Amino acid sequence: MFDSYNYNPFLIAQYIRAFGNEETAKLLAANEKTLPRAIRINTLLTDVGSCVKRLEEKGFVFSKVKWCSEGYIVKKEPFSIGATPEHLLGYYFVQDPSSMVPAIELSPAENETVLDMAAAPGGKTTHLAQIMGNHGTIVAVDINKEKMRALRSNIQRCGVENVLTLRMKANELTSLGIRFDKILLDAPCTGEGTIRKNPERRKTIDEKEVDEYSAKQQEMLKIAGLVIKPGGILVYSTCSLLPQEDEQQVKYAVEKLGFELLGLKNKFCAPGINLKQCGRFYPHIHDTQGFFIAKLKKT
Ligand SMILES: C[S@@+](CC[C@H](N)C(=O)[O-])C[C@H]1O[C@@H](n2cnc3c(N)ncnc32)[C@H](O)[C@@H]1O
């Protein structure tokens, strides 16, 4: 039925099981459309009004992201939004609107100690720092050497001053002996939700890869459970719409790791599958990448 889209049949079967035929048809059609770019204005270095004005004077046209007051969708892009002096100056971060949600949901306070467990290249670390007004402490961890360079460069570009970067495997975090008030686990995933940006992934994502990532996600959730303070908040997110990487991981955290699932502040996301308090962003509903988010409290 969906052969003309040329996906791995495994993925199509997963979609039909999770969403049904009608929604799958809408999702596949939306994945054919170019993903609009968006920016999050960095209030550590500028203010929203003057940054938007500077960019509009260069010919950019924006609409607002409904759920993030610093978020703007690029409606007209006379040249690459990543190639302006304002970008170099750190006045904004190019970021999908769905990716603006995790830091807002985690909502770290200025005196808190926050862990970003899979941080590079830093889209969400820089957002956390912005919300914290450069106060408190963020420990930003990633395993990948090249991506760590990008993380450090983004931190510097965006004027972020409250981040300690560590290149290490998050699985070894217990050795630091730190307990965190809040944790963001923007987990490594298949990236199935990024097919609009990476069309070749429709063919290459297979069952084995999903199994491998879900085992990794489970491992990282276990570590989050060990290094979070009692009563601490964990936000878990992926850019995948596959329930095995999403609700199934949340269910594991609730049933095996002593987390309680909380509702989200965001009123625009679609509910999770079976776990209604989780949030989902769909290309055909929100015109974003595919994205999943859940907020949990350690009991
Ligand atoms: C979805 S990306 C993170 C994107 C990032 N949060 C952002 O907003 O820019 C997932 C990251 O997990 C990292 N990663 C994979 N396995 C890891 C591990 N065991 N420990 C720490 N980081 C890991 C990858 O290198 C990758 O950068």
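The values are calculated or read from the model by the stated rules, or taken from the named source; none is laboratory data. What you see is a predicted model, and the numbers here were worked out from it, not measured in a lab. Note that we place each Cβ from the backbone using ideal geometry, even for glycine, and neighbour counts take in every protein chain shown. Only protein heavy atoms, including side chains, enter the accessible area calculation; ligands, DNA and RNA are left aside. Shrake-Rupley method; radii C 1.70, N 1.55, O 1.52, S 1.80 Å.
The table that follows gives values for the structure above.
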| read-out | value |
| --- | --- |
| For segment 174-241, convex hull of alpha carbons as volume per residue, Å³ | 96 Å³ |
| Rounded to whole Å, sorted largest first: equivalent-ellipsoid semi-axes of segment 37-119, Cα gyration tensor | 24, 13, 12 |
| Cα-Cα P(r), segment 1-142, percent of pairs per 5 Å interval | 2, 9, 16, 16, 14, 13, 12, 10, 7, 2, 0 |
| Relative contact order, percent, segment 94-220 [alpha-carbon distance under 8 Å, six or more residues apart] | 26 percent |
| Distance between segment 246-266 and segment 268-289 - C-alpha centres, whole angstrom | 16 Å |
| Heavy-atom surface of the chain, accessible at 1.4 Å and reported per residue (Å²) | 44 Å² |
| The chain, relative contact order in percent, only Cα pairs under 8 angstrom and at least six apart counted | 18 percent |
| Exposed-loop-free span, longest in the chain, where trypsin sites (Lys or Arg not before Pro) count as exposed if DSSP calls them loop and at most 15 other C-beta atoms lie within 10 Å | 67-168 |
| Spin-label pair L89/I16, simplified geometry with 7 Å Cα→Cβ offset, distance in nm | 5.4 nm |
| FRET E, pair K222, K76, Förster distance 45 Å, beta-carbon r, rounded to 0.05 | 0.45 |
| Carbon/sulfur fraction of accessible area - the chain, other protein chains in place, 1.4 Å, % | 51 percent |
| For the chain, projected area of the alpha-carbon convex hull averaged over all directions, nm² | 14.6 nm² |
| Estimated 222 nm signal from helices in the chain, with DSSP H stretches of n ≥ 4 weighted -39500 (n - 2.57), rounded to 500 | -10000 deg cm²/dmol |
